[in-house]
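Encoded as structure tokens, the structure appears first; notes follow it.
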Amino acid sequence: MDSLEIEPTEFRSLVYSLVTNSLLYIGIPIYVFAFLFLGEEKQYHAMYLMFGYTLIAIFISIWLFIFNRNPRIPITKVILKADGIVVSSLTNEEYVERHEISNYKISGFLNKKIVINDSRNRTVKISYYLFKPEQRLIILDYLSSICADLTWST
């Protein structure tokens, strides 16, 4: 294998962004706060505001999906190479050489991540739900083959 580039689809990126950023990290905590700390009358006001916030978040996400076509910049990209793995996002790019990968795990409850640990105690995180199941399987098979090689050699 020379290199294999894996990118999520635009629609999957849109849904992932909407669910994680708008609802999971902002919406749910505000809903919980409103129900725990506000009186019954103010809970209705908070519900209306949060319903409006959710609709606005959905509208903005759909608007960006439809009208923000150029340039098409992938949010996250994973490149599997014979000598390592490259995980690049909009802001940074991380490269872990094959011989430095010590293990990997899938962690998280609602927002799962594939966490890759290397021999220098660095961690590289890949969003689990951002990729299609077939793409996740390719990434996990690649990591499993590396970790199987490590356990076989020790």
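The values are calculated or read from the model by the stated rules, or taken from the named source; none is laboratory data. If you're wondering where the values come from, they're calculated on a predicted model, not measured in any experiment. Counting neighbours? That spans all protein chains shown, and the Cβs are built from the backbone with ideal geometry, glycine included. The accessibility values were calculated without ligands, DNA or RNA, using every heavy atom of the protein model including side chains. Shrake-Rupley method; radii C 1.70, N 1.55, O 1.52, S 1.80 Å.
Selection among TYR44, LEU80, SER102 by position relative to the dipole of segment 35-145 gives LEU80 as farthest towards the positive end (Cβ unit charges, Cα centre). With protein chains left intact and a 1.4 Å probe, residues in the chain average 67 Å² of accessible area per residue.
For segment 28-150, the spread of Cα coordinates along the three principal axes comes to 61, 38, 25 Å, biggest extent given first.
For segment 122-133, the Karplus equation 6.51 cos²θ - 1.76 cosθ + 1.60, evaluated at θ = phi - 60°, returns couplings of 8, 10, 10, 10, 10, 5, 5, 7, 5, 9, 5, x Hz by residue, with Gly and Pro reported as x. Taking each DSSP H run with n ≥ 4 as -39500 (n - 2.57) and averaging over every residue of the chain yields -14500 deg cm²/dmol at 222 nm.
Helix 40-67 and the long axis of the chain differ in direction by around 50°, with both axes built from C-alpha atoms. Packing, as the average of other Cβ atoms within 10 Å across residues, places the peptides 120-132, 103-115 in the order 120-132, 103-115, highest first.
The accessible surface of the chain, taken with every protein chain in place and a 1.4 Å probe, is 63 percent carbon and sulfur.
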